[in-house]
Protein chains: 2
Amino acid sequence: MIDLFRAAQQASRALAAVPAATTDALLRDLADALIAHTDFLISANAQDLARMPAADPRHDRLRLTPARLASMADDLRAVAALPSPLGAKLSEKTLPNGLLLSKVRVPLGVVGIIYEARPNVTIDSLALCLKTGNACLLKGGSDAAASNAALIEVAGPVLLRHGLPLAAATLLPPERAATEALLRAVGLVDVVIPRGSQGLINYVRENARVPVIETGAGVVHTYFDETGHLAQGAAIIANAKTRRVSVCNSLDCLLINESRLADLPALVAPLAAAQVQLFADAPALAALAGAYPPELLAPATDEHFGTEFLDYKLAIKTVTDLDAALDHIARYGSRHSEAIISENQAHIDTFLQSVDAAAVYANASTAFTDGGQFGLGAEIGISTQKLHARGPMGLEELTSYKWLVRGNGQVRGG
Amino acid sequence: MIDLFRAAQQASRALAAVPAATTDALLRDLADALIAHTDFLISANAQDLARMPAADPRHDRLRLTPARLASMADDLRAVAALPSPLGAKLSEKTLPNGLLLSKVRVPLGVVGIIYEARPNVTIDSLALCLKTGNACLLKGGSDAAASNAALIEVAGPVLLRHGLPLAAATLLPPERAATEALLRAVGLVDVVIPRGSQGLINYVRENARVPVIETGAGVVHTYFDETGHLAQGAAIIANAKTRRVSVCNSLDCLLINESRLADLPALVAPLAAAQVQLFADAPALAALAGAYPPELLAPATDEHFGTEFLDYKLAIKTVTDLDAALDHIARYGSRHSEAIISENQAHIDTFLQSVDAAAVYANASTAFTDGGQFGLGAEIGISTQKLHARGPMGLEELTSYKWLVRGNGQVRGG
């Protein structure tokens, strides 16, 4: 395994010098190659699908179709069309002693991506890493082993045709031993990004000796303030909860100011149509009794707060004021996306200032926390940590920098 | 222990809202307090010194004197005088749907610092963390326990006087159990920065479950190219090696182009006066025979390459060309500081582009890799990783950012 990592590091040295135009041409060619090899890819994918019970909820994510391959090809072309972040001069100055000091953007080096049964992540990660001059070590789930191998088989000749080494994008064996080795490859791997379930992220955190960017888990709140606009609030809450329940920016807990309990039935009315199950604390439960389908209404217990549901479920908590809402979010939030619905500018300002999260919203749906929506062009994940990258991670977040110092004989005194 | 961490997290919420002027006044008051309590601090320090054998090389670092306290006070005033990095708008745009999206600089939150027997690091870390709105958890070495406790005792009333909670700067117990708990405080600690020996850094990497910024170790090379300027080269090499041998930017290995072996005696001549011991490969040894004090000259063995000496010792390796120098650095360097001495602009450009290190130099001494020299104003360490911060870490490197999204009812389609 260590030989694969060394080869990736060697490849990363070559990649750092590849012109952006070459990488972009490669990505466009790879898009064409995916389309040209549709039958081959779908037949490899069929082997994976055959091994997974059709009732498995991951079955749909695992499936490749001609339309999905076309969409992956479109994504490749979109990444190719983005400006390269590399080489940008982040700062430059001449020191009093004449040294010219420049801070320039460079690749991270070798990026490891650990993901589950989603073959599209193979191509997506490869594209974002190559675009940013990084070699990638791809550790896909064993459920998608045949699909991933086929995708990399298609990518190989495209890399070689553009003068890149195969080690620029390496698919690791599907066994867990590969994950363990990757997480301990100190000095060979510059960062590992896990993309997937909380279980995967916890495993990575527990075992990594190399730097990690944690992604994903979002326990998301929206606070409806004393002065919240009812119609806007109802639309925002419905959108944040039901647009896509399986994504990390979806709403998990509504905090309602106690002075607005009378408006709670109208505020959550659109959720009934989507069969959203509510777990309400006592005051909210009383306010909703008779006004929400009883089979979808239950008392909240402790475990409903701080839970990422990823489902048609929503916790509701009554709070006395803004401070209580802030305390609840500080205690139960996962620092992902948090929102306030209010017409009180001072409250909005306090909320935006005080809440410690990657994205803090006033009067908008948390569904916007997404690299594409934020204008990053592409996204490799949503960081829930504060180091290096926070929130949606695009191309710049896959880079580092170095200091270049040009002199003519300067030495340091003292 | 977990209660201390929770209190720090609570304090970090308060700190994020403290005006910069308050923090700056606090730091100036703390400077005065250190001077006012000189006798108390020196007598606490005497207890620590009494427990450490005078022959211990750490004895000098542990010692506080009136002059050193005055210098610590000066450093505090200098940090107070720096502009605050907080609140800066890193980007702002209005999306087509009317959402106003701002990316603003915020504190990291809770920063853990693990260090050894240097009491000045206690005040230094406290100052840089408070200046950047971070609560700090300070884990000093047990050798400095009394000194650190006294320093924090002096700081406490100053914090309170300016309305900050004591938990804004917490000294952890000197036992190793505190380090272990700190490294595993997932969800409570945003980053841990180890400041000290390679052994400490390895221990932190092995045990941390929270994000870490690795600092310190520098295996530093300087390559003397075919066209290198002899007088400049001799001065640069002497400065990089002997200015301060105990710091991470000091030179460990001279790479010499084989075409310049005849100049090697003149190139290293200034090192003899400083009693620098040379470990030279066969061609370099032959070139130096009779031209360098024999008692300071020995053949290089494998272990001399890739070693951070932190001593009056230097490895010398002969290389056939620039590529061989680049390969040697890629294999043995620690990505800290690397230099070329050359009059060939193409070679300089290749070197600056190819070498993967925090600071890459042309015709200057690596002794400049330092936050003060790079104009960062202050420095909490030199990162040797590529994530978040690379090279000297100043105030901005102790911050994160968040996205603020201001709307008027926007929901996401599709």
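The values are calculated or read from the model by the stated rules, or taken from the named source; none is laboratory data. Here the structure is a predicted model, which is why all the values come from computation and not from measurement. All Cβ positions, even for glycine, are placed from backbone atoms using ideal geometry, and neighbour counts span all protein chains on display.
Are any of the residues in the stretch B:217-230 under 15 Å from A:ARG412 (Cβ atoms), outside any loop (DSSP other than H, G, I, E, B), in contact (Cβ under 8 Å) with a residue 24 or more places away in the chain and within 11 Å of chain A (Cβ to nearest Cβ)?
Checked the stretch B:217-230: no residue is under 15 Å from A:ARG412 (Cβ atoms), outside any loop (DSSP other than H, G, I, E, B), in contact (Cβ under 8 Å) with a residue 24 or more places away in the chain and within 11 Å of chain A (Cβ to nearest Cβ).
Out of everything in the stretch B:212-271 that is within 30 Å of B:ASP190 (Cα to Cα) and in contact with a His (Cβ under 9 Å, 6 or more places away or on another chain), what residue ends up being surrounded by the fewest Cβ atoms within 10 Å (Cβ to Cβ)?
Of everything passing the filter in the stretch B:212-271, B:ALA217 is surrounded by the fewest Cβ atoms within 10 Å (Cβ to Cβ).
Can you pull out every residue in the stretch A:325-336 that is closer than 22 Å to A:ALA280 by Cβ, more than 9 Å from every other protein chain (Cβ to nearest Cβ) and touching a residue at least 60 places away in the same chain (Cβ under 8 Å)?
If the condition is that a residue be closer than 22 Å to A:ALA280 by Cβ, more than 9 Å from every other protein chain (Cβ to nearest Cβ) and touching a residue at least 60 places away in the same chain (Cβ under 8 Å), then A:ALA325, A:HIS328, A:ILE329, A:TYR332, A:GLY333 are the ones that fit.
I'd like to check something: does the stretch B:181-190 contain any residue that is under 23 Å from the mean Cα position of the chain (by Cα), over 25 Å from A:GLY187 (Cα atoms) and within 11 Å of chain A (Cβ to nearest Cβ)?
no
Looking at B:ALA367, B:ALA339 in this structure, which one is in contact with a helix residue (DSSP H, G or I) (Cβ under 9 Å, 6 or more places away or on another chain), part of a strand (DSSP E or B), buried (at least 20 other Cβ atoms within 10 Å of the Cβ) and among the hydrophobic types (A, V, I, L, M, F, W, C)? Reasoning before the result, please.
On the way: B:ALA367 fails: part of a strand (DSSP E or B).
Checking each option against the conditions leaves just B:ALA339.
In the stretch B:207-242, which residue that is modelled with pLDDT of 95 or more and of a type in the set (D, E, K, R) is farthest from B:LEU314 (Cα to Cα)?
Result: B:GLU226.
Which ones in the stretch A:354-371 are without any contact (Cβ under 8 Å) to a residue 24 or more places away in the chain and at the interface with another protein chain (Cβ under 7 Å from one of its Cβ atoms)?
Pass one, the stretch A:354-371, residues without any contact (Cβ under 8 Å) to a residue 24 or more places away in the chain: A:360, A:362, A:371.
Hits for the stretch A:354-371 are A:VAL360, A:ALA362.
Any idea which of (1) within 14 Å of chain B (Cβ to nearest Cβ); (2) modelled with pLDDT of 95 or more; (3) on the phi < 0 side of the Ramachandran plot is the one A:ILE152 doesn't satisfy?
Here A:ILE152 clears every test but (1).
Which ones in the stretch A:388-412 are facing chain B (nearest Cβ under 7 Å) and part of a strand (DSSP E or B)?
Initial filter on the stretch A:388-412 (facing chain B (nearest Cβ under 7 Å)): A:388, A:390-391, A:400-412.
Across the stretch A:388-412, the qualifying residues are A:GLY391, A:SER400, A:TYR401, A:LYS402, A:TRP403, A:LEU404, A:VAL405, A:ARG406, A:GLY407, A:ASN408, A:GLY409, A:GLN410.
Could you check, for the stretch B:286-307, whether at least one of its residues is among the small types (Gly, Ala, Ser) and in a helix (DSSP H, G or I)? First the steps, then the outcome.
Quick first cut of the stretch B:286-307, residues among the small types (Gly, Ala, Ser) only: B:286-287, B:289-291, B:298, B:300, B:306.
Pick out the ones that are also in a helix (DSSP H, G or I) and you get B:286-287.
Checking the stretch B:286-307: at least one residue is among the small types (Gly, Ala, Ser) and in a helix (DSSP H, G or I).
Could you look through the stretch A:377-387, keep only residues that are small (Gly, Ala, Ser) and assigned to a loop (DSSP other than H, G, I, E, B), and pick out the one that is nearest to the other protein chains (Cβ to nearest Cβ)? Spell out how you get there, then give the answer.
Within the stretch A:377-387, the subset small (Gly, Ala, Ser) is A:377-378, A:381, A:383.
After this cut, where a residue has to be assigned to a loop (DSSP other than H, G, I, E, B) as well, the list is A:377-378.
Working: A:GLY377: 13, A:ALA378: 17 Å.
Per the stated criteria, the residue is A:GLY377.
Given the criteria within 13 Å of another protein chain (Cβ to nearest Cβ) and either assigned to a loop (DSSP other than H, G, I, E, B) or touching a residue at least 24 places away in the same chain (Cβ under 8 Å) (or both), does B:ARG105 qualify? Before the answer, list the steps.
On the way: within 13 Å of another protein chain (Cβ to nearest Cβ): yes; either assigned to a loop (DSSP other than H, G, I, E, B) or touching a residue at least 24 places away in the same chain (Cβ under 8 Å) (or both): yes.
Criteria met by B:ARG105.
Filter the stretch A:10-51 for residues that are among the polar types (S, T, N, Q) and surrounded by 22 or more Cβ atoms within 10 Å (Cβ to Cβ) and give the result.
Of everything in the stretch A:10-51, those that are among the polar types (S, T, N, Q) and surrounded by 22 or more Cβ atoms within 10 Å (Cβ to Cβ) turn out to be A:SER12, A:THR23, A:ASN45.
Looking at B:PHE374, B:PHE351 in this structure, which one is touching a strand residue (DSSP E or B) at 6+ places or on another chain (Cβ under 7 Å) and more than 7 Å from chain A (Cβ to nearest Cβ)? Lay out the reasoning, then the answer.
Working: B:PHE374 fails: more than 7 Å from chain A (Cβ to nearest Cβ).
Of the residues listed, the single one that is touching a strand residue (DSSP E or B) at 6+ places or on another chain (Cβ under 7 Å) and more than 7 Å from chain A (Cβ to nearest Cβ) is B:PHE351.
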